[in-house]
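Bear in mind these aren't lab numbers, they're just calculated from the coordinates by the rules spelled out. Note that the coordinates shown come from a computational prediction; the quantities given were computed from them, not determined experimentally. For neighbour counting, all protein chains shown are included, and Cβ atoms are generated from backbone atoms with ideal geometry for every residue, glycine included.
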Amino acid sequence: MQLSQQVREYLAKVDEDFKRLYEKHQEYEQELNALSAKGFLSPEEERRVAEVKKMKLGMKDRMLLIAKKREKELDQLKDGPRQ
């Protein structure tokens, strides 16, 4: 399941846990980008890349669980207001 930008923004507004996870996920993304821009990585940096990828994936899984719990709200967001 991929969350759209609209869904991520909505969840960040209504769910503090999601917001915290999303912000940390973004920090990890920036760290990975900075490391990949280096070209050559030391063994310590390679271990850090693997560690950050695992943590980032775990956060994504937790964000998806929150989205699943709020599925009805998200369906209404996608469908627009009901009349």
Run the reach check for Lys53 against aspartates and glutamates, Cα to Cα strictly under 19 Å, same-chain hits fewer than 8 apart removed. What comes back? Glu23, Glu27, Glu29, Glu31, Glu44, Glu45, Asp61
With a cap of 11 neighbouring Cβ atoms within 10 Å, and only residues DSSP puts in a loop, list the trypsin sites (Lys or Arg not before Pro) found in the range 28-83. Lys38, Arg82
Rounded to the nearest 0.05, FRET efficiency between Glu16 and Ser42 (Cβ-Cβ, R0 30 Å) equals 0.25
For Ala37, net neighbour charge (Lys/Arg +1, Asp/Glu -1) across residues whose Cβ lies under 15 Å away: -2
Within the range 11-83, chymotrypsin sites (Phe, Trp or Tyr not before Pro) in DSSP loop having at most 12 other beta-carbon neighbours inside 10 Å: Phe40
Fewest to most neighbouring Cβ within 10 Å: what's the order for Val49, Val14, Val7? Val14, Val49, Val7
Is it possible to state the helix-based mean residue ellipticity at 222 nm for the chain, with each DSSP H run of 4+ residues giving -39500 (n - 2.57), the sum divided by total residues, to the nearest 500 deg cm²/dmol? What is it? -27500 deg cm²/dmol
Violating pairs (Cα-Cα greater than 19 angstrom) within the set Lys54/Lys78; Lys13/Lys78; Lys24/Lys72; Lys13/Lys72; Lys13/Lys69; Lys19/Lys68: Lys54/Lys78; Lys24/Lys72
